[in-house]
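A.B. asks: Please see the structure below; I have some questions.
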Amino acid sequence: MTEKEFTPFLGIILLPPTIQLIADSLKITPYQATEQFYNSKVYALLEKEETKFWHYSPQLLCRLFTEEIKTGSFDIPEEAA
């Protein structure tokens, strides 16, 4: 996927449902969820096309993020390693 294709994919297709799941899961506003997610290790990996985190579902990204919030880290699913 080219950078030109990747950026809109994240912003339009993958991030909105992920942010909403995080907001619902943590019982915070979507704005707060966005701010927290953008400052996370999960997002840092997601924004790098080569990590292939964009293959993950919003549900899995939410789970990894909430694991990071609770423990300070998360386990990368084996298929991504």
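We did not get these values from a lab; they are worked out from the coordinates using the rules stated. Everything numeric here is computed off the predicted structure, so don't read it as measured data. Here Cβ is always computed from backbone atoms with ideal geometry, including for glycine, and neighbour counts include all displayed protein chains.
A.B. asks: Among the trypsin sites (Lys or Arg not before Pro) within the stretch 28-81, which fall in a DSSP loop and have no more than 12 other Cβ atoms within 10 Å of their own Cβ?
C.D. replies: Details: sites: LYS41, LYS48, LYS52, ARG63, LYS70; in loops: LYS48, LYS52.
Counting only loop positions with at most 12 other Cβ atoms within 10 Å, the trypsin sites (Lys or Arg not before Pro) in the stretch 28-81 are LYS48.
A.B. asks: Among residues other than LEU45 whose Cβ falls under 12 Å from its Cβ, what is the net charge (Lys/Arg +1, Asp/Glu -1)? Show your work: numbers first, answer last.
C.D. replies: Values: positive: LYS41, LYS48, LYS52; negative: GLU47, GLU49, GLU50, GLU68.
Combined, the nearby Lys, Arg, Asp and Glu give -1.
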